[in-house]
Amino acid sequence: MAIPYNHREVESKWQSVWDEEKAFGTSEDHTKPKYYALVEFPYPSGDGLHVGHPRPYTALDIVARKRRMQGYNVLYPMGWDAFGLPTENYAIKHHIHPRIVTKNNVARFKSQLHSLGYSFDWDREVNTTDTDYYKWTQWIFLKLFKAGLAYKAEMPINWCTSCKVGLANEEVVNGVCERCGSEVIRKVKSQWMLKITEYADKLIQGLDTVDYIERVKISQKNWIGKSTGAEVDFSITGKEDRLRIYTTRPDTLFGATYMVVSPEHPMIEKYRAEIRNYDALAAYREQAAKKSDFERTELAKDKTGVQIDGLTATNPVNGRKIPIWVSDYVLMTYGTGAIMAVPAHDERDWEFAKKFGLPIIEVVAGSPVSVQEQVFTDVATGTLVNSEFLDGLSVADAKKKIIAFLEEKGIGQSKTNYKLRDWVFSRQRYWGEPIPIVICEKCGFVPLEESELPLMLPEVESYEPTDNGESPLAAMEGWVNTTCPHCGGPAKRETDTMPQWAGSSWYFLRYTDPHNDKALASKEALEYWMPVDWYNGGMEHTTLHLLYSRFWHRFLYDNGVVPCPEPYQKRTSHGMILGLNPHNLQNLAEDEREELLKAHGGEQGARKALRDKFGEMADHPVVKMSKSLGNVVNPDDIVMEYGADTLRTYEMFIGAFDLSAAWSEDGVKGCRRFLERVWKLQDMLAEGEGYSADLETRMHQTIKKVSNDYENLKYNTAIAAMMSLINEFNKKNAVTRGEYRTFLTLLNPVAPHITEELWQAAGFEGRLYQAKWPDYDEAKTVEAQVEIGVQVNGKLRATISVPRDEDKDRIIQAAKEALGDKLSGNVVKEIYVPGRLVNIVAK
RNA sequence: GCGGGUAUGGCGGAAUAGGCAGACGCAAGGGACUUAAAAUCCCUCGGGGGCGACUCCGUGCCGGUUCAAGUCCGGCUACCCGCACCA
């Protein structure tokens, strides 16, 4: 009898061996086929690893380990996205330098990851806060600046009142700060911006060349929000000036019955003298400005507005005079900040027109109901009417014709717009990459020389953000005051720092050549390793990190720095790991639940009581893990009690990889039991390097299934197949050495420690991590004898066992015999699906 | 409102390309072993009816296509995630 399975001994033993043997480094032999597997590097927070982290890390560790065994030169790296607010806030609170905080957190994360047995190549570890690293982040910024893609602009930004920092649009969630949940207000500040909008089209087109899961592509496209239409100039009655609008429906131009400009539109100030109700407009504008973005959209249902008294516009195609209104449903930040309103064919315009009694003119016929009753927006079926030379045309044709007309007359042209905004790139914070720009009174913004990089973060007394919105760096006079690299005169340094997204926008490039001090990575390394073959990460990064990094990468490609236009060949996303909600009725302790049920007269009352106490969230049996709910599971505890192999197996077995799944400790136990059964296989080991006759088909099937499932995110069914196989061994109480060898190899990527130990104990040659991945023979995956179902009129009535390649007639004959007197009436049709079933249709 | 996703036993979830629904695991019940418990092993485990071989019903709801539908088509409902007045 073998000794009992002691996971602690086994796991620490093999982790040391792998370290000593440098088991998972990459080969310098660049003639070997490469495979670059990547997971998002974590932010090393003070809380340590969460059970959510191992899900993606294990998934790609499986792929990396399998690919190595298949002979690929695999790069599977890990690093730290270590700049960021929480570290800075922790530093402020505890008066510890953020560098020290980072160092401690990284050490903790690293030991946790190590204890999980990941095959990361630690020689390639990167850290965004290292000067050798952020030197190149700054270098890329300078390139962007020199290309005119980085600029400073006075603009209203999203300002987090608690973090005291400007946020990108992507970082504002439901009107509050994504990170701290505090209120976000608009504040006008001078900010560094990156012109991601210039890359909008390339970012959309690039999606056609890569293998991303569909919902990621769709989210990115929606976020970029490309729309094509036209800009049209309306004249302002009695003025030389034109009012330019943007529309996606130029075909409805004849149906414009009024115009709307945004409350911030400059024409209001420009024509202040002529406007008779300026005070009312100013009051409206003030009211609109006070609304946060959140309120503005919350109140979307109820349209408000004020007509400009004293100005009218003229429709350029029919000369009709129409009123101009001001309303906050028109945004200054999109299009031209002004629209033509066609209430008959636009939902918002229709609502507004109904509320303020404005005329509604139908110009696209085809609605079953009058446009006075209901808006008609269908572009596929309508036909133009009341539109002079457009009458009778389809919407698509009318668009073409009117745009040609506008362009010919010089009153408009086709135009593409995007929802995507430029990226707010500065943060008024200490713990980030300094922006390598000097502000000279004479020369303006001057980039540092490349040789000056890295521009290091200075040591400061206090990291506190300031209420006036300046970075803590601004108080460091000795650092701020410098000379202009261009004219040598007195100048000041930029004191804002870069956002956390900067370092993570190119880290995958650094992994290919992490110690290079001449370039961000050598051409040779980039040529060999890029693009990343498979990148897995959270859905929440789809419109942030993923888009930003594609933008940087594409820019670097356009500038000859990297060899491929897209950084990631394949992108997948994992689901979250959720915890039980302690405030949900079904999760209460039994006595507590009984009591509540009694007190509130049954289930409905009890649920309502919980909802009143804890809010709507009480309705959900499973929720995100959070410290405040006390439902967080620490992976260290699981590793300690059950082992890393069990944790890895469980997280892969928990359910479909891309869906969220609820943590269950009972499920963990089930996986532990599975590994215990694996451990016991060594007691039933039988001679024979091949497969036993009765299991040969099964072995080939399992190799095929596991190999495919590992590559297709179907880890749960791969593990199920191995569980089934072990049940077969148990039934016979025997496993040949050949079967054992294959089994251990298949399981190794999921549970690397236990399998390595058993491999050694069985006396197989070398190390399992270096073994060859087993092959299967397609011909041997099909069974010679198959069970097929026999149906009568589609209902199962019997099963028969037949040789797989038996001919149809004989099978049908056998089926009929098996049915006996269950078959009555006239046989109308006989259907045979090879290897599956026979269906006899009888009347 | 728009976009995307999901819905299968007590639970997590399986089910190539329309072909035997419920693999695998958990929980539960029964049994073996044990002085006992834990662990382990064996059996049962969607629902109804029948002593029984069997039989009827069953994949969120309503309809359809088909010899055959969890899977395809049309129409809904509920929940989850994004976006949200983008003209």
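Residues of region A:536-567 that are farther than 13 Å from residue A:140 by Cα and in a loop (DSSP other than H, G, I, E, B): A:542, A:543, A:544, A:563, A:564, A:565, A:566, A:567. On the basis of being modelled with pLDDT of 85 or more, hydroxyl-bearing (Ser, Thr, Tyr) and under 20 Å from residue A:705 (Cα atoms), does residue A:736 make the cut? For residue A:736, the condition - modelled with pLDDT of 85 or more, hydroxyl-bearing (Ser, Thr, Tyr) and under 20 Å from residue A:705 (Cα atoms) - is not met. For the structure I just gave you, tell me whether residue A:182 is among the hydroxyl-bearing types (Ser, Thr, Tyr), farther than 22 Å from residue A:495 by Cα and surrounded by fewer than 19 Cβ atoms within 10 Å (Cβ to Cβ). Here the answer is yes, as residue A:182 does meet what is asked. What number of residues within region A:502-514 satisfy the criterion of being in contact with an Asp or Glu (Cβ under 9 Å, 6 or more places away or on another chain) and over 19 Å from residue A:74 (Cβ atoms)? Adding up the residues that qualify gives 3. Is it true that some residue in region A:394-405 is part of a loop (DSSP other than H, G, I, E, B), open to solvent by 50 Å² or more (accessible area, probe 1.4 Å), free of Cβ contacts under 8 Å to residues at least 40 places away in the same chain and away from RNA strand B (no atom under 14 Å from the Cβ)? Within region A:394-405 (the criterion being part of a loop (DSSP other than H, G, I, E, B), open to solvent by 50 Å² or more (accessible area, probe 1.4 Å), free of Cβ contacts under 8 Å to residues at least 40 places away in the same chain and away from RNA strand B (no atom under 14 Å from the Cβ)), the answer is no, since none of the residues qualifies.
Would you check if there is a residue in region A:736-748 being more than 12 Å from RNA strand B (Cβ to nearest atom), closer than 30 Å to residue A:571 by Cβ, crowded, with 21+ Cβ neighbours inside 10 Å and of a type in the set (Phe, Trp, Tyr)? Checked region A:736-748: no residue is more than 12 Å from RNA strand B (Cβ to nearest atom), closer than 30 Å to residue A:571 by Cβ, crowded, with 21+ Cβ neighbours inside 10 Å and of a type in the set (Phe, Trp, Tyr).
I'm checking my understanding of the structure. Among residues of region A:457-489 that are among the small types (Gly, Ala, Ser) and exposed (fewer than 14 other Cβ atoms within 10 Å of the Cβ), which one is nearest to the chain's Cα centre (by Cα)? Quick ask: steps written out before the conclusion?
Initial filter on region A:457-489 (among the small types (Gly, Ala, Ser)): A:462, A:469, A:471, A:474-475, A:478, A:488-489.
Okay, now just the ones that are also exposed (fewer than 14 other Cβ atoms within 10 Å of the Cβ), so A:462, A:478, A:488-489.
Numbers: A:462: 35, A:478: 42, A:488: 46, A:489: 46 Å.
Checking each candidate, the answer is A:462.
For region A:486-499, the set of residues classified as assigned to a loop (DSSP other than H, G, I, E, B) and either small (Gly, Ala, Ser) or modelled with pLDDT of 90 or more (or both) consists of A:487, A:488, A:489, A:494, A:495, A:496, A:498, A:499, listed by residue number. Out of all the residues in region A:826-843, which are at positive phi and either charged (D, E, K, R) or open to solvent by 50 Å² or more (accessible area, probe 1.4 Å) (or both)? Scanning region A:826-843 gives no hits. Selection over region A:343-370 of residues that are within 22 Å of residue A:413 (Cα to Cα) and more than 7 Å from RNA strand B (Cβ to nearest atom) gives a count of 3. Regarding residue A:673, is this residue in contact (Cβ under 8 Å) with a residue 12 or more places away in the chain and not in a loop (DSSP other than H, G, I, E, B)? For residue A:673, the condition - in contact (Cβ under 8 Å) with a residue 12 or more places away in the chain and not in a loop (DSSP other than H, G, I, E, B) - is not met.
Which members of region A:782-794 meet the condition of being part of a strand (DSSP E or B) and either hydroxyl-bearing (Ser, Thr, Tyr) or more than 9 Å from RNA strand B (Cβ to nearest atom) (or both)? Steps first, please.
Taking region A:782-794 and keeping what is part of a strand (DSSP E or B), we get A:785-792.
Within region A:782-794, just A:785 meets the criteria.
Just one of A:683, A:658 is surrounded by fewer than 20 Cβ atoms within 10 Å (Cβ to Cβ), within 12 Å of RNA strand B (Cβ to nearest atom) and part of a loop (DSSP other than H, G, I, E, B); which is it?
On the way: A:683 fails: part of a loop (DSSP other than H, G, I, E, B).
It is A:658.
Quick check on residue A:720: is it surrounded by fewer than 17 Cβ atoms within 10 Å (Cβ to Cβ), within 16 Å of RNA strand B (Cβ to nearest atom), at pLDDT below 90 and farther than 30 Å from residue A:26 by Cβ?
It is false that residue A:720 is surrounded by fewer than 17 Cβ atoms within 10 Å (Cβ to Cβ), within 16 Å of RNA strand B (Cβ to nearest atom), at pLDDT below 90 and farther than 30 Å from residue A:26 by Cβ.
For region A:519-543, a residue qualifies if it is within 16 Å of RNA strand B (Cβ to nearest atom), of a type outside the set (Ser, Thr, Tyr) and crowded, with 20+ Cβ neighbours inside 10 Å, and exactly one does: A:537. When residue A:673 is tested against (1) closer than 27 Å to residue A:640 by Cα; (2) surrounded by 14 or more Cβ atoms within 10 Å (Cβ to Cβ); (3) within 12 Å of RNA strand B (Cβ to nearest atom), exactly one condition is not met: (2).
Sub-7 Å Cβ pairs linking a first residue in region A:87-111 that is touching a residue at least 12 places away in the same chain (Cβ under 8 Å) to a second residue that is open to solvent by 20 Å² or more (accessible area, probe 1.4 Å) and part of a helix (DSSP H, G or I), at least 6 apart or interchain, are A:101/A:90, ordered by first then second residue. Within region A:594-608, not a single residue is in contact (Cβ under 8 Å) with a residue 24 or more places away in the chain and exposed (fewer than 14 other Cβ atoms within 10 Å of the Cβ).
The values are calculated or read from the model by the stated rules, or taken from the named source; none is laboratory data. Note that the coordinates shown come from a computational prediction; the quantities given were computed from them, not determined experimentally. Neighbour counts are summed over all protein chains in view; Cβ atoms, including those assigned to glycine, are modelled from backbone coordinates with ideal geometry. Accessible surface areas use protein heavy atoms only, side chains included; no ligands, DNA or RNA. Shrake-Rupley method; radii C 1.70, N 1.55, O 1.52, S 1.80 Å.
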